[in-house]
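What follows is a single structure, written as structure tokens, with notes after it.
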Amino acid sequence: MQIFELSFVAAVLLATTPVLYAALAGALSERVGVFNIALEGQMLWGAFAAVAGSHFTGNPWLGVLIAIVTTAAFSLVLAVGAARFKADPIIIAIGTNLFAIGLTGFLLRILFDVSGTFAPQGLQGLPDMTALRDIPVIGPLFGGQTLLVPLAFVLCIAAGLWLRSTPGGLRLRGVGEHPEASASLGVNVASAQTWTTVVGGALCGIAGAQLALGNVTVFTENMTAGRGWIAVAAVMLVAARPLWLPVACLGFGAAEAFGFRLQGLGAPQQLTDAAPYAITLLVLVATRVRFGAKRPAAS
């Protein structure tokens, strides 16, 4: 088995993309001072909305649009609660995650009279970029991917440069680093936190849409399977710096893709499924050790 052939790299990119969108959402929220661990629930809702939208409209891109809009609205619970009412974002996010699991399962039964998996005949998935298939190197990497795959990396680079180099980006960073100072300069801290969290919700909608209509063409209850938590770990690993998010998320994507390869060699599915989450735990431990080592001793 050739591990590092182009088809394997393409599989890594495919596995990475939903996590990368969610991680970008978490990084932007972190930059304005809202610790967002609701990525799992928001991504799950985005996956359901995308499949339902594609099913009812017959157009997968309308499904993506519906996922973006409804997940942005779904994120208002966290945005308004944390930014406007100063509630604990951890508690709100946990409630959001649990609510998303219950709501998607309930609507699956109410709207489609099924439980577990919804894969109706004729469900339209996102189209591949087939026009690129004859281009050397680029074709094998992106020819079988959806447009959302390269867009995720472009958005991370754009967000990182915007935060680093533009007045608006610097103001947004100031909201998270020194909210009182930002407020004294006339910045509406609550508004910045609210809208940034809503934008993060829209990104999670894209993450769910890519997962349900790009990686596969189906909705399964709790199909995010911890990817939102992996995104949280990626945000922590790179200290919420968007330019570094692709590096962190590619590691998790490689673990997932490698797990699928191992299944093809007869490895137990339970072992290969656990690989990305084992790496997540190692990352969290490494992050804790890293920041713990830098913490000054108490005087």
Query raised in the report: Relative contact order for the chain using alpha-carbon pairs under 8 Å, separation at least 6, rounded to a whole percent?
Result: 34
Report task. Enter the Cα centre distance for the pair region 18-53 and region 173-192, rounded to the nearest angstrom. Result -> 23
**Report entry** residue 94-residue 69 FRET efficiency (beta carbon distance; Förster radius 30 Å; 0.05 resolution)
**Finding:** 0.80
Requested in this report: Report the FRET efficiency, 1/(1 + (r/R0)^6), for residue 260 and residue 217, where r is their Cβ-Cβ distance and R0 is 22 Å, rounded to 0.05.
Outcome: 0.80
Requested in this report: Please give the calculated 222 nm ellipticity per residue for the chain, where each DSSP H segment of at least 4 residues contributes -39500 (n - 2.57) and the sum is spread over every residue; nearest 500 deg cm²/dmol?
Outcome: -23000 deg cm²/dmol
Query raised in the report: Taking the mean number of other Cβ atoms within 10 Å as a proxy for protection, how do you rank 200-206, 89-95 from highest to lowest?
Result: 200-206, 89-95
Query raised in the report: Taking the highest mean first, how do the peptides 151-160, 105-114, 38-47, 10-19 order by number of other beta carbon atoms within 10 angstrom per residue?
Result: 38-47, 10-19, 151-160, 105-114
Requested in this report: Using a 10 Å cut-off on Cβ atoms, rank the peptides 65-73, 207-215, 125-133 from the highest mean neighbour count down.
Outcome: 207-215, 65-73, 125-133
Query raised in the report: In nanometres, what is the gap between the two model label sites at residue 59 and residue 285, each 7 Å from Cα along Cα-to-Cβ?
Result: 5.0
Query raised in the report: Given labels modelled 7 Å from the Cα in the Cβ direction, how far is it in nm from residue 76 to residue 225?
Result: 3.3
Query raised in the report: Counting other C-beta atoms within 10 Å, which of 180, 5 has the fewest, and how do the rest follow?
Result: 180, 5
Report task. Calculate the spin-label point distance for residue 111 paired with residue 247, positioning each point 7 Å from the Cα along the beta-carbon direction, and give it in nanometres. Result -> 4.0
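Bear in mind that the values in this text are calculations on the coordinates, not laboratory data. Note that this is a predicted model, so its numbers are computed, not measured. Because the Cβ atoms are built from the backbone with ideal geometry, glycine has one as well, and the counts that use them run over all protein chains shown.
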